[in-house]
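Each remark here refers to the structure printed beneath this line.
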Amino acid sequence: MTKPQTHSQTHPYLSLMSIPPGYINAMGYVDASEVNGPGCRAVLWVQGCMRECGGCFNPASWSFEINQLMSVEHLAERIIADKRNQGVTFSGGEPFWQAPALANLARKVKAAGLNVMSFTGFTLEQLQSPYAPAGAQDLLDQLDILIDGPYIQSQAINDPNSPVSSRNQRVHIFNPALSGQISWASDQIEVHIFKDGSRLVTGYRGQLVFNEAD
């Protein structure tokens with residue numbers, strides 16, 4: 001995978017406009033995660049966030065510069081092809097800055113019977129307001145679960161029984177079938193080792209880290 005780039009001063013909207021239609025500017029991707037939502041699922045980390053929260057788990061995701069361009073068609077095929085994946089989680093970065101493309105991706109994987117979840121630094125009320133990012137409601141309409149609210153370091157939880165990482169964040173369950181599956185914990189970490197020997201560490205207690213093969 002391409003290494004995440006450092007934070008850039010390029011205006012975010014210019015970088016967002018440079019993403020070709022049908023593509024997502026991604027920071028990373030992994031199949032079969034068990035610490036980023038209910039069950040076993042694919043996780044897509046998008047590139048770009050304006051918040052720069054203190055204690056952010058993924059500061060490399062702040063830059064809106066192009067990192068990895070991944071087509072919606074390719075991602076949908078990849079998510080569905082791995083039979084371990086019961087759903088997909090959008091994280092980041094801020095997914096709702098790329099809401100139209102993610103909504104399209106969500107529709108494709110839901111048509112295959114998978115569920116869709118997203119993290120966001122916005123509140124649900126902000127996403128439903130006239131000032132929300134373009135396509136926000138379209139993406140909301142596709143979600144089964146939404147975790148909303150920015151990470152606030154002074155309100156950090158790090159509790160093995162909590163699915164959120166700071167007390168201000170909320171779990172919105174739009175699909176009642178998943179109401180009994182909110183069981184992942186805010187202090188779990190997970191290590192993925194790929195065929196080329198590179199590693200990815202993900203989870204609430206540590207930032208998303210890519211390590212090259214030794």
If you go through region 55-62 one residue at a time, do you hit one that is part of a helix (DSSP H, G or I), more than 19 Å from Thr89 (Cβ to Cβ) and within 14 Å of the chain's Cα centre (by Cα)?
yes
Set Gly39, Gly48: member being under 30 Å from Asn158 (Cβ atoms), touching an Asp or Glu at 6+ places or on another chain (Cβ under 8 Å) and not aliphatic (A, V, I, L, M):
Gly48
Determine if region 39-61 includes at least one residue that is in contact (Cβ under 8 Å) with a residue 12 or more places away in the chain, crowded, with 22+ Cβ neighbours inside 10 Å and among the basic types (Lys, Arg).
yes
What are the residue pairs meeting all of these: first residue in region 126-137, first residue surrounded by 17 or more Cβ atoms within 10 Å (Cβ to Cβ), second residue of a type in the set (Val, Ile, Thr), Cβ atoms under 8 Å, and 6 or more apart or on different chains?
Leu127/Thr120
Out of all the residues in region 116-134, is one or more at pLDDT 95 or above, touching a Pro at 6+ places or on another chain (Cβ under 9 Å), closer than 27 Å to Ile80 by Cα and assigned to a helix (DSSP H, G or I)?
no
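Being in a strand (DSSP E or B) and either of a type in the set (D, E, K, R) or touching a Leu at 6+ places or on another chain (Cβ under 7 Å) (or both) is the filter; apply it to region 28-38 and report the residue that is surrounded by the fewest Cβ atoms within 10 Å (Cβ to Cβ).
Asp31
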For region 1-27, which positions are farther than 19 Å from Pro59 by Cα and modelled with pLDDT of 95 or more?
Ile19, Pro20, Pro21, Gly22, Tyr23
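The values are calculated or read from the model by the stated rules, or taken from the named source; none is laboratory data. Quick caveat: nothing in here was measured; it's all calculated off a predicted structure. As a convention, Cβ positions derive from the backbone with ideal geometry for all residues, glycine included, and neighbour counts pool all protein chains shown.
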